[in-house]
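Structure, as structure tokens:
Laboratory data are not the source of any read-out in this text; all were calculated from the coordinates shown. In this text, all values refer to a predicted model and were calculated from it rather than measured experimentally. Cβ placement follows ideal geometry from the backbone for every residue including glycine, while neighbour counts extend to all protein chains displayed.
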Amino acid sequence: MTVTLDEENVQQMAYLVSQEQRSWDEYTWMLAQEELRLGAACAMPKEDFRHGGLPKMVKIFPAKIQPSLNEEEVRKLAFEIAQRSPSLQDLHWFIAQRRCISDFILKQA
């Protein structure tokens, strides 16, 4: 399944994410969770999917989405993300992109 990320939708979702009023560490953890949930299902772009922003089109295999996550894997990825020191705004945007993908997939099911 190919998902096209509409910038306006991502922007609205990023605003909603920002309104959750969480700490930078909590957003880092959330991004790690979203990433691990969708990362294995992403066929394109395969490389660099874990490193922040996504292109406008993403190819996803919905059957490969991880419904449950290993807390230790989330912790490791959250640490990797924290080492890159993304801004709070970037975290909002990256989480929003992944939530838009998830929402699109749910609507197709």
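Match the structure shown to one of the listed values [x] 54, 22, 16; [y] 32, 30, 22; [z] 79, 27, 15 of Cα extents along the principal axes in Å, computed from it, and give that label. Here the calculated entry is [y]. Cβ-to-Cβ counts within 10 Å put 80, 20 in ascending order as 20, 80, the fewest first.
Of the residues 95, 18, 41, the one whose Cα sits farthest toward the positive end of the charge dipole of segment 2-108, with +1 on the Cβ of Lys and Arg and -1 on the Cβ of Asp and Glu, is 41. Taken one residue at a time, the phi angles of segment 15-23 give Karplus couplings (6.51, -1.76, 1.60, θ = phi - 60°) of 4, 4, 4, 5, 6, 6, 6, 9, 7 Hz. Gly and Pro are set to x.
For segment 98-108, the Karplus equation 6.51 cos²θ - 1.76 cosθ + 1.60, evaluated at θ = phi - 60°, returns couplings of 5, 5, 5, 4, 4, 4, 4, 4, 4, 5, 7 Hz by residue, with Gly and Pro reported as x. Each Lys and Arg contributes +1 and each Asp and Glu -1, all at the Cβ; summed about the Cα centre of the chain, the dipole is approximately 320 debye.
Annotation for segment 1-18 versus segment 51-106: alpha-carbon center distance of 13 Å. Taking amide H atoms as placed 1.01 Å from N in the peptide plane, the amide H of residue 43 lies under 5 Å from those of 59, 60, 61, each 5 or more residues away in sequence or on another chain.
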